[in-house]
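What follows is a set of notes on a single structure, which appears directly below.
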Amino acid sequence: MKTFRRLSRMAALTTGALLLPAAALVATGTLAGAAAAPTAAFVKSSSWDTGYTGQYTITAGSSALSGWKLEFDLPSGSSVGTYWDSLLTTSGSHYSFANREYNGSVAAGASASFGFNVSGTGAPLNCLLNGQPCAGGTPPTTTPPTTTPPTTTTAPPTTTTSTPPPSGGMTAAPYFMPLDNDPQDIGAAITASGQKSYILAFVLAPNGGGCTPTWDGNAQQPVSSDTAVAAKVSTIRQRGGDVSISFGGYNGLELGAACGDATSLANAYQAVITKYSLTHIDLDIEGDDLGDVNGETKRFQAIKTLKQRNPSLHVSLTLPSTTVGLSDLGKAEIQRAKDIGAAIDLYKIMAFDYGGPGGSMASDVQRVMEAAHSQLKTLRPDLNDAAVYAHTGLIIMNGHTDQPSELFTVDTFRTLLSYVQTHRLGRFSFWSLNRDRICTGNTGWVDGKCSSLSQQPYDFTKIIAQYQS
């Protein structure tokens, strides 16, 4: 319902890391002569008072890589939180990142990247790539001993975690309105639910117009002078999570409709990215903005600019669902982004408010998701079947939705968690943390502050949290 801001009620809505970003293969030169060893270079792509985002770029040497494993240590007081484009195992302060299924094969002279967030300020130490120094050291030559036989040492076994769901970078992330719909204390929510990362909604143009980012379209809540949301972001990161910020939503004036051209729009988006040191943003374009060719062209031109300014930026696009998968407008939007050259990392399917049957909601959502999967394979022929799943996110809604026929119970969430785990989707999300509690008073069929079901606090969030790495 329009009385509270939320993802669109319409089957024709759209937008909004971590499709998981596919690591781009970039050719680099190699020196003639001696064989060049593979290398790995580290950069901090962004930082804040209590942590930073790091990125490693692995470059193959004279020979192609069929897989890679990068290891390093962090000093006491620093630890890895979310990560993407890799699989992580840990043993104490030792971190081992291995390739995903889509970025393990690296041609000679080409490169692949992965990233991660660190809580603390310590930089990686003792970096090894496939067992050799990350700077490109080669294994020592072995000369048969002349008198003394070689000694053999056995390294102590390490303890590793189980293989996580794909990407690790915000694979589980509920929507949360930090200033609207009676927001919970985010620290208490993390403690109670175990869920660390969130998508914060929504940044809009002021309701009266203007190309200025504000929270919820309220001119009295400009992003530039915000301290309230910034404090919540800091709390989330201190607890090992991260945030994406969603632009748009069903209500209000989206920045793309308010800013006059792609340059001013890119600058408005950039102001938010810089303010909160973001590595993830979410585009949620709905209502009349969906299908607006001029508006979509402007947005994707802006996204192309943002990707050039922020190479590690992860952009997700929230798409409407229908009973047969993606809507025609959603498919056209994906194609338009491709035509403009705006890289979209995650296609999030909003699998609710399409008129699904409440009695068999879980199975019907899976049917819709498989239909969307087939459509995405056609739209993205550059991705294999597993990579399409990895670039797909599922968004559902807890309790009653705007469609009287639909109902998402705790059991529905559990069944869909199994689907997400089986297909290793890029993200599992729901609308919204604000609704993950019982209603009090007369709230009607659906409300922005509660689920309209009998439940305990954070029953739904706890299920989403199981998809965290």
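Looking at segment 78-85, is at least one residue under 20 Å from LYS307 (Cα atoms), of a type in the set (D, E, K, R) and buried (at least 16 other Cβ atoms within 10 Å of the Cβ)?
The answer is yes, given that some residue of segment 78-85 is under 20 Å from LYS307 (Cα atoms), of a type in the set (D, E, K, R) and buried (at least 16 other Cβ atoms within 10 Å of the Cβ).
Mind counting the residues in segment 429-444 that are part of a helix (DSSP H, G or I) and of a type in the set (Asp, Glu)? Explain how you work it out, then say what you get.
Step one: filter segment 429-444 for residues part of a helix (DSSP H, G or I), giving 433-435.
Restricting the remaining residues to those that are of a type in the set (Asp, Glu) gives none.
Final tally of qualifying residues: 0.
For segment 146-203, enumerate the residues that are aliphatic (A, V, I, L, M), modelled with pLDDT of 95 or more and under 21 Å from GLN466 (Cα atoms). Show your work before the answer.
As a first pass, look at segment 146-203 and keep what is aliphatic (A, V, I, L, M): 155, 170, 172-173, 177, 179, 186, 188-190, 192, 199-201, 203.
From what's left, modelled with pLDDT of 95 or more: 172-173, 177, 179, 186, 188-190, 192, 199-201, 203.
Result: ALA172, ALA173, ILE186, ALA188, ALA189, ILE190, ALA192, ILE199, LEU200.
Taking ALA257 as the residue in question, decide whether it is over 24 Å from MET350 (Cα atoms) and aliphatic (A, V, I, L, M).
no
What about LEU317, is it buried (at least 19 other Cβ atoms within 10 Å of the Cβ) and either among the acidic types (Asp, Glu) or under 25 Å from PHE247 (Cα atoms) (or both)?
Numbers: buried (at least 19 other Cβ atoms within 10 Å of the Cβ): yes; either among the acidic types (Asp, Glu) or under 25 Å from PHE247 (Cα atoms) (or both): yes.
Answer is yes for this residue.
The values are calculated or read from the model by the stated rules, or taken from the named source; none is laboratory data. None of the values given here were measured: they were computed from a predicted structure. Don't worry about glycine lacking a Cβ; one is built from the backbone with ideal geometry, like all the others, and counts go over all protein chains shown.
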